[in-house]
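Remarks on the structure that follows.
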Amino acid sequence: MKDKQIDRVYLQINRDIPFQAYQQFIKNAESADIAVCALDGNRTWATSGQTEYEIFWDWCARYQQQVPEEERFSGIHLDVEPYLLPDWGENQRNIVKQYEEMVNDAASRAHSLNVPLGVDLPFWFDEIDSVNNESLAASLIQAADEVTIMAYRNIAEGANGLIQLTKTER
């Protein structure tokens, strides 16, 4: 990774893997100046998936508290994608409200662990209204410390290029 100039890794959390494996990976990455963020998420976390959401945060808190500082995650990154819920089309407003509440809660939890919160959002969230009379993208950008905009394209310019699709995200 160092040879490829990678400076951050998003590591999918698997609670079946012992802490020691994460500790060793993070320690090795950190020694090469590569930050490691805990990654997880599920579309259900936006609404009904609170049990798994709670389990994830409990795991992160236990991990961060039980390991030495140099073996801790340097951030938490969520990939929730609520638009994949089967009732997104007919229940979008309610799902958006619950999703925004979840992201705000996640930011608070991440900050209590002294790490930044990152979230994934599709480029078209600037076309969805939040409960705060702004775009959902703007609401999430304000709540999170960092965002990754999902705009899967292999061209930068043009009507369907990365620049055009993401220019209104702020």
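Couple of notes before you dig in:
- Evaluating Ser112 against the criteria (1) surrounded by fewer than 18 Cβ atoms within 10 Å (Cβ to Cβ); (2) of a type in the set (Gly, Ala, Ser); (3) under 21 Å from Val9 (Cβ atoms) leaves one unmet condition, (3).
- Options Ala32, Ala21, Ala107: the member that is in contact with a helix residue (DSSP H, G or I) (Cβ under 8 Å, 6 or more places away or on another chain) and of a type in the set (Gly, Ala, Ser): Ala107
- Residues in the range 131-148 that are more than 17 Å from Ala35 (Cβ to Cβ), surrounded by fewer than 17 Cβ atoms within 10 Å (Cβ to Cβ) and among the polar types (S, T, N, Q): Asn132, Asn133, Gln142.
- Test: residue in the range 15-35 that is under 16 Å from the mean Cα position of the chain (by Cα) and over 26 Å from Lys97 (Cα atoms): yes
- Residues in the range 1-23 that are free of Cβ contacts under 8 Å to residues at least 24 places away in the same chain and not in a loop (DSSP other than H, G, I, E, B): Gln20, Ala21.
- Every residue from the range 1-48 that is touching a Pro at 6+ places or on another chain (Cβ under 6 Å) and basic (Lys, Arg): Arg43
- Checked against the criterion of being modelled with pLDDT under 95 and surrounded by 13 or more Cβ atoms within 10 Å (Cβ to Cβ), the candidates Ile128, Ile95 yield just one match: Ile128.
- Complete set of residues in the range 61-91 that are more than 16 Å from Met102 (Cα to Cα), crowded, with 19+ Cβ neighbours inside 10 Å and not aromatic (Phe, Trp, Tyr): Glu71, Arg72, Gly75
The values are calculated or read from the model by the stated rules, or taken from the named source; none is laboratory data. Since this is a predicted model, take the numbers as computed values, not measurements. Please note: Cβ atoms are built from the backbone with ideal geometry, for glycine as well, and neighbour counts cover all protein chains shown.
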